[in-house]
Amino acid sequence: MKKILSRLNKRQKIWFWGFTVFNGLFFCLIFFLAGADIINALAMLLITQFLIVAYYMSIRNDKKKSKTREWFDAIVFAVVAATLIRAFFIEAFTIPTSSEEKTLMIGDFLFVSKSSYGARLPMTPIAFPFAHHTMPLIGGKAYIEWPKIPYYRLPGFGHVKNYDAVVFNYPDGDTVALGQQDQSYYQLVRDYGHDEVWKENGIERNTGQPFGKVVARPVDKRENYIKRCVGIAGDTLYIKDRTLFINNKPALVVGTMQYSYELQTKNENVRVPNFGGSGGQSNTTETASNGGLTQQILDDFDITEKVYPLRNGNFFITLPNDKVEKFKQLPFVKSLKPMIADSGVYDPRIFPHSPNYSWNVDNFGPLVIPKAGMTINIDTTNIVLYDRIIGVYEHNDLKIQGDKVMINGKEAKTYTFKMNYYWMMGDNRHNSADSRFWGFVPEDHIVGKAVFVWMSLKENATIGNKFRWNRFFTFVRPDGLSRSYFIPFLIIVFSIILGFYLYGKRKKKA
C-alpha cells in the first residue's frame with residue numbers, strides 16, 4: 001500500500017482514500033443494514049477494493065500522460081459517475097409500448113427518479129455498464145449473479161402514492177422464453193403447456209415464432225415496465241363495468257385514459273384505412289369515397305391503436321376520454337358504444353387464472369392489496385391469489401397437499417405478509433398487460449417514479465412530423481403531463497449564452 005501511495009500526488013491520494021472509505025461504508029451498509037451474508041459482503045468489498053487499487057497502481061506520475069491514458073481516465077470517471085447517478089438518483093427511460101397511451105406515449109423519453117421512493121441497492125451489482133440484462137450487439141447475459149445483495153432501499157423523499165406513474169421490474173419476468181421476451185412465460189405455459197415451451201426448437205403455433213431458451217432472471221434484471229399505480233398496500237379495489245373503484249370510491253379518471261369502442265357508421269360503404277396501430281402509420285391511404293373514417297381523421301384524433309372491422313359491419317376503435325364526445329359529432333358516426341366485458345364471465349388470462357374467480361378486464365375483484373404485517377386466512381380456494389407472493393416473492397416453500405396448505409413443511413391457515421404490494425394498471429385500459437393479468441407488484445420490484453419527459457418522437461414519421469413539441473420538457477403528474485417548458489428552457493439557455501458573450505466582449509474592451 002505504501003508503494004502505491006508513494007506514486008500518487010496529493011489530489012490522487014485524497015481520491016484513493018475517499019473511494020476506499022466509501023467502499024468500507026458500502027460493506028457496512030450491505031452487511032449490517034441490508035443483511036447480506038458475510039461471504040457475499042466480503043466478496044463485494046474485495047472485488048471493488050481490488051479495482052480501486054488496480055486503477056491507482058496503473059498511474060505513473062513520473063511520465064507524461066499519453067492521449068490514450070487521458071481518454072482512459074476520462075472514460076473511467078464518466079462510467080463511474082454515470083453508474084452512481086443511474087443507480088441512486090435518476091435514470092433515463094424510453095416508453096416502448098402503448099399501454100400508457102395517451103398519458104405516456106411510445107417514443108416519450110423520460111427521466112425516472114430513484115430517490116423519490118428511495119434508491120434500491122443493486123441486488124446484482126456485477127454487470128456490464130449501462131446494459132440491463134442483455135449484452136449489446138453480442139447478446140448473452142450482461143451480469144454475473146454472484147455476489148448478491150439482499151433487497152434494501154435507502155431513505156427517499158416519499159412513498160408510492162395512488163396514481164403515481166411508476167417504473168418497476170416486471171414480476172412475471174423472473175422466467176423468460178428468450179424467443180418471446182415480450183410475452184409472459186407463465187401465460188405461454190398456460191396457453192401451450194410446459195413441455196411445448198421447453199421443447200428444443202419449440203415453435204409457437206399461432207405466430208410461427210420460436211419460444212427460444214428458457215432462462216431465469218434476478219429481480220433487478222427483469223424487464224422494466226411503467227404503469228399507473230392505482231392501488232397501494234392495504235387498499236381494496238374492484239372494477240365494475242370498466243369503472244375502477246379504490247376503497248369503494250371511483251378512482252381518478254383522466255382525459256388521456258383510453259378505452260375501446262364499437263363504432264357504427266351511417267354509411268354501409270365506409271371503409272377503414274389499413275392502419276398499422278400502436279404508433280405506426282397507415283400502410284395504405286385507402287379512404288371512403290363518400291366520406292368516412294379517413295387517415296386524416298385518425299391523425300386529427302391522434303388514434304394510434306389498430307382500427308379494424310367487426311363481424312357485424314361495425315368497427316373496433318380506441319379513443320381517449322377527452323376526445324370521445326368530439327368524435328361522436330363527426331358526420332358519419334351513428335353510434336359509439338363502449339366495449340365492456342360482461343360481469344361474471346371468466347377470462348382465463350386474468351389473474352388469478354382460476355375458475356373460482358370469474359373476473360375479466362372490465363369486471364374484477366374485490367381484492368385487498370397485501371400490506372407488510374397484514375395477516376390473512378388462507379385455504380385451498382383463495383391460495384391462488386397469494387401463492388406467488390408466498391412462494392416466489394417471499395421465498396417460502398409452499399405446497400398443496402389435499403385440502404391442506406403447507407408452508408415450510410407445516411400446515412398453515414393464516415399468512416402474514418413481509419412486504420408491501422401494489423396494483424399497477426395502464427391508462428390504455430383495453431390494451432395493457434398489467435396487474436389484471438399477472439397480479440401484485442412487490443415493493444422490492446419498484447424502480448422509481450417517472451417525473452419528466454424531455455423529448456417525444458413519433459414512430460415511422462417524416463422528419464417534419466417527427467417531434468411532439470408540446471410534450472418536450474413536461475412534468476409527469478397524476479392527471480397527465482404538465483404544460484411544456486421547452487420554450488422557457490430555450491429562453492434561459494439563450495439568455496445565459498448571450499450574457500456570457502456580452503460579458504466577454506465587455507471584458508475585452510476593458
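The values are calculated or read from the model by the stated rules, or taken from the named source; none is laboratory data. None of the values given here were measured: they were computed from a predicted structure. Cβ coordinates were reconstructed from backbone atoms using ideal geometry, including for glycine residues, and neighbour counts include every protein chain displayed. Just the protein is used for accessible areas: all its heavy atoms, side chains included, with ligands, DNA and RNA removed. Shrake-Rupley method; radii C 1.70, N 1.55, O 1.52, S 1.80 Å.
A few remarks follow.
- Paramagnetic label zone (point 7 Å from Cα along Cα-to-C-beta, ILE85; backbone N under 14 Å) in the range 108-136: 111-114, 130
- Among the protein heavy atoms, those of HIS132 account for about 50 Å² of accessible surface (1.4 Å probe, every chain in place).
- Length gained on full extension, ARG311 to LEU42, computed as 0.36 nm times the residue gap minus the Cα-Cα distance: 90.3 nm.
- Candidate aspartates and glutamates - alpha carbon under 13 Å from LYS334, same-chain residues fewer than 8 apart omitted: GLU262, GLU268, GLU325
- Scanning residues 5 or more positions from THR134 or on other chains, those with amide H under 5 Å from its amide H are ALA142, with H placed 1.01 Å from N in the peptide plane.
- Rough spin-label spacing in nm, given labels placed 7 Å along Cα→Cβ, for ASN382 and TYR485: 4.6
- Whole-number D in µm² s⁻¹ for the range 399-446, Kirkwood Cα-pair radius fed into Stokes-Einstein, 20 °C, 1.002 mPa s: 160
- Counting only lysines at least 8 places from LYS199 when in the same chain, those with an alpha carbon closer than 19 Å to its own are LYS213.
- Between PHE109 and PHE77, the FRET efficiency estimated from the beta carbon spacing at R0 = 25 angstrom works out to 0.50.
- Fraction of accessible area attributable to carbon and sulfur, the chain (%, probe 1.4 Å): 60
- Here Rg and Dmax of the Cα atoms in Å was calculated from the structure, and among [x] 22.4, 79; [y] 23.1, 71; [z] 27.1, 93 it sits at label [z].
- Taking all protein chains into account, the per residue accessible area for the range 120-245 stands at 50 Å² (1.4 Å probe).
- The range 41-90 and the range 302-335 have Cα centres spaced 57 Å apart.
- Ranked packing of 48-54, 468-474, 66-72, most packed first, by mean Cβ within 10 Å: 468-474, 48-54, 66-72
- ASP37 accessible area, assembled protein chains, probe 1.4 Å, Å²: 80
- Accessible area per residue in Å² at 1.4 Å probe, computed on the range 315-469: 46
- In the chain, the longest principal axis of the Cα atoms and the axis of helix 67-88 are about 50 degrees apart.
- Surface accessible to a 1.4 Å probe, per residue, for the residues of the range 18-78, Å²: 68
- Rounded to 10°, Cα long-axis angle of helix 38-57 versus longest principal axis of the chain: 60
- Spin-label model, LYS266/LEU137: points 7 Å from Cα along the beta carbon direction are separated by 6.0 nm.
- Violating pairs (Cα-Cα greater than 30 angstrom) within the set LYS141/LYS413; LYS102/LYS161; LYS227/LYS323; LYS418/LYS449; LYS161/LYS337: LYS141/LYS413; LYS161/LYS337
- When its C-alpha radius of gyration is set against 2.2 N^0.38 Å (N residues), the range 1-155 gives a value of 1.25.
- Approximating the spin labels as points 7 Å out from Cα along Cα→Cβ, the THR375-to-ARG153 distance works out to 2.5 nm.
- Working note: 222 nm ellipticity from helices only, DSSP H runs with n ≥ 4, each -39,500 (n - 2.57), summed and divided by the residues of the chain, gives -7500 deg cm²/dmol to the nearest 500.
- By a 1.4 Å probe calculation restricted to protein chains, GLU459 has an accessible surface near 70 Å², given to the nearest 10.
- Solvent exposure ordering (accessible area, 1.4 Å, most first) of LYS141, LYS213: LYS213, LYS141
- Nearest-ten-degree value, helix 486-509 long axis tilted from longest Cα axis of the chain: 30
- Accessible-area ranking of THR380, THR20, THR124, largest first, probe 1.4 Å: THR380, THR20, THR124
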